[in-house]
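Below you'll find the structure I mean.
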Amino acid sequence: MVSDQRREACLMKLRIDIADVDEPEIVIRCKSITPDIAALSQDISKLVPTAQRQIAANLNGSEYFLLPSEILFFETDSGKVTVHTKDKMYYTSQRLNELDEILPRYFVRASKSCLVNINLISQITRSITSSSEARFYDSDKKIYISRMYYKQLRDEIEEKRLKT
């Protein structure tokens, strides 16, 4: 038997209004924020184009604003998050979990301490016994993909490949 809260979450109306607006807007109306509503909100926010949202990063005392599309990966070590582009390494004050929430869908976990831009991966060398390795276009940098995240990352790459 389905609980009342679950039944309420299953009953949802979808309405699309055509209007003369500059930007589309998504509004969720609900009595309260249930786990299903929170998940829906998170999924929608990942679909909304975020490629224009810049990431603030620091290098040698200067602040830079990087587009997600030019970032290879983020990694954390000893509480510091580094931002890697093809030829530089920056630091950001944002935590990896925060970045995971705001970055476009093409950023996927490669390990507990790494988020990777799957659009820029040129090669994956799989290892059955240890971490797999990913390399990038136009860069000598590489990351290790933990066995726990390998399948999800590989599925995301395959889904992207089939769409293009």
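Collect the residues in the range 94-118 that are surrounded by 16 or more Cβ atoms within 10 Å (Cβ to Cβ) and assigned to a helix (DSSP H, G or I), keeping them in residue-number order.
Within the range 94-118, Leu96, Leu99, Ile118 meet the criteria.
Which members of the range 75-84 meet the condition of being over 20 Å from Ser132 (Cα atoms) and surrounded by 18 or more Cβ atoms within 10 Å (Cβ to Cβ)? Spell out the reasoning first.
Within the range 75-84, the first condition is being over 20 Å from Ser132 (Cα atoms), and the residues that meet it are 78-83.
Once the filter is applied, which keeps residues that are over 20 Å from Ser132 (Cα atoms) and surrounded by 18 or more Cβ atoms within 10 Å (Cβ to Cβ), the range 75-84 yields Val81, Val83.
Look through Leu67, Leu72 and report the one residue that is of a type in the set (A, V, I, L, M) and loosely packed, with under 15 Cβ neighbours inside 10 Å.
Within the list Leu67, Leu72, the selection yields Leu67.
So is Asp138 loosely packed, with under 13 Cβ neighbours inside 10 Å and at positive phi or not? Spell out the reasoning first.
On the way: loosely packed, with under 13 Cβ neighbours inside 10 Å: yes; at positive phi: yes.
Yes, satisfied.
Of (1) out of contact with any helix residue (DSSP H, G or I) (no Cβ under 7 Å at 6 or more places or on another chain); (2) over 21 Å from Tyr149 (Cβ atoms), Thr34 satisfies all except one. Which?
Of everything listed in (1) out of contact with any helix residue (DSSP H, G or I) (no Cβ under 7 Å at 6 or more places or on another chain); (2) over 21 Å from Tyr149 (Cβ atoms), Thr34 misses just condition (1).
Can you pull out the residues in the range 128-147 that are closer than 18 Å to Glu75 by Cβ and in contact (Cβ under 8 Å) with a residue 24 or more places away in the chain?
Ala134, Phe136, Ser139, Lys141, Ile143, Tyr144, Ile145, Ser146
Can you confirm whether the range 144-157 contains a residue that is among the small types (Gly, Ala, Ser) and not in a loop (DSSP other than H, G, I, E, B)?
Within the range 144-157, the first condition is being among the small types (Gly, Ala, Ser), and the residues that meet it are 146.
This time we only want the ones that are not in a loop (DSSP other than H, G, I, E, B), so: none.
There is no residue in the range 144-157 that is among the small types (Gly, Ala, Ser) and not in a loop (DSSP other than H, G, I, E, B).
Every read-out reported here was derived from the displayed coordinates using simple, explicitly stated rules and does not represent laboratory data. Since this is a predicted model, take the numbers as computed values, not measurements. Every residue, glycine as well, gets a Cβ built from its backbone with ideal geometry; the counts of neighbours run over all protein chains shown.
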